[in-house]
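Accompanying notes for the structure given below.
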Amino acid sequence: MKKLLIILMTLLVYFPAYASAEIKNFKCVKLLHFMQEDEKLRAFFGDEVGSLILELVPMGTFDQWGSNSYGKATFVYNGKKHEFNLHAEGGDRLGGTYAEGIYYNRIDKEYAKRDFNKDLKLKDKIGRLVKLKFIKFEPDFKNKKFHNLIITETYNLETLESHRNKAEIVVDNFVCN
């Protein structure tokens, strides 16, 4: 009887948080920049289109580490799905939706054993970061109908302390509505 009561209490505490999640969808177009010969910066929209889905959960929701969780963001772009855990969000902050999030993966035993990693001696570095991505989604200050999406991705972080440092960072900008 006690087990049944505990299960029911758990459902009552956690189910409303998931049932009342707010989902927002945005269409995003890649924003490209280049410098002209007259040293003027020019920006234009590319043909690449993505979709951003924000699943915002109510205040008082916690992630697996006990930190505040604001939901998750899923960005579908170029046939790939990128997921981020949101660590900040605001409903009408600055006149629109605002969110920040992170994604990462770490070196585990399986990753350390792969052939292309054997010379890096990664078994001594279990738990260190391999990839880190950040997402920032905020209203455009000039045109409140649009939002700016910035995705920053780092790759090959496991090579930082090795003879073949290939760490890199890529920043993509999008305009969403």
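For F146 and L32, the FRET efficiency from 1/(1 + (r/R0)^6), where r spans their Cβ atoms and R0 equals 25 Å, is about 0.95.
Residue order for F84, F137, F26, fewest other beta carbons within 10 angstrom first, comes to F26, F84, F137.
Note on the stretch 21-176: Cα-Cα pairs beyond 29 Å make up 32% of the total pair count.
Once the piece of chain linking K123 and R42 is laid out straight, how much longer is it, given 0.36 nm per residue of separation minus the C-alpha distance between them? This chain segment gains 24.5 nm when fully extended.
Among the listed pairs K27/K136; K125/K166; K40/K144; K81/K125; K30/K136, which have their C-alpha atoms separated by more than 19 angstrom in this model? Pairs exceeding 19 Å: K40/K144; K81/K125.
Once the chain from K24 to R106 is taken as fully extended at 0.36 nm per residue, the excess over their C-alpha distance is 26.6 nm.
Fully extended, how many nm does the chain gain between K81 and A167 (0.36 nm per residue separation, minus their Cα-Cα distance)? Intermediate results must be reported in sequence, preceding the final value.
Numbers: separation 86, 0.36 × 86 = 30.96 nm, distance 2.20 nm.
Full-extension gain reported as 28.8 nm.
Extending 7 Å from Cα along the Cβ direction at N68 and again at N156 yields two label points whose distance is 3.8 nm. Between D140 and F146, H147, N148, the built amide H atoms are under 5 Å apart, and every one of these is 5 or more places off in sequence or on another chain.
Where a number appears in this text, it was derived from the coordinates with a stated rule and is not lab data. Predicted model, so just to flag it, every value in this text is computed and none were measured. As a convention, Cβ positions derive from the backbone with ideal geometry for all residues, glycine included, and neighbour counts pool all protein chains shown.
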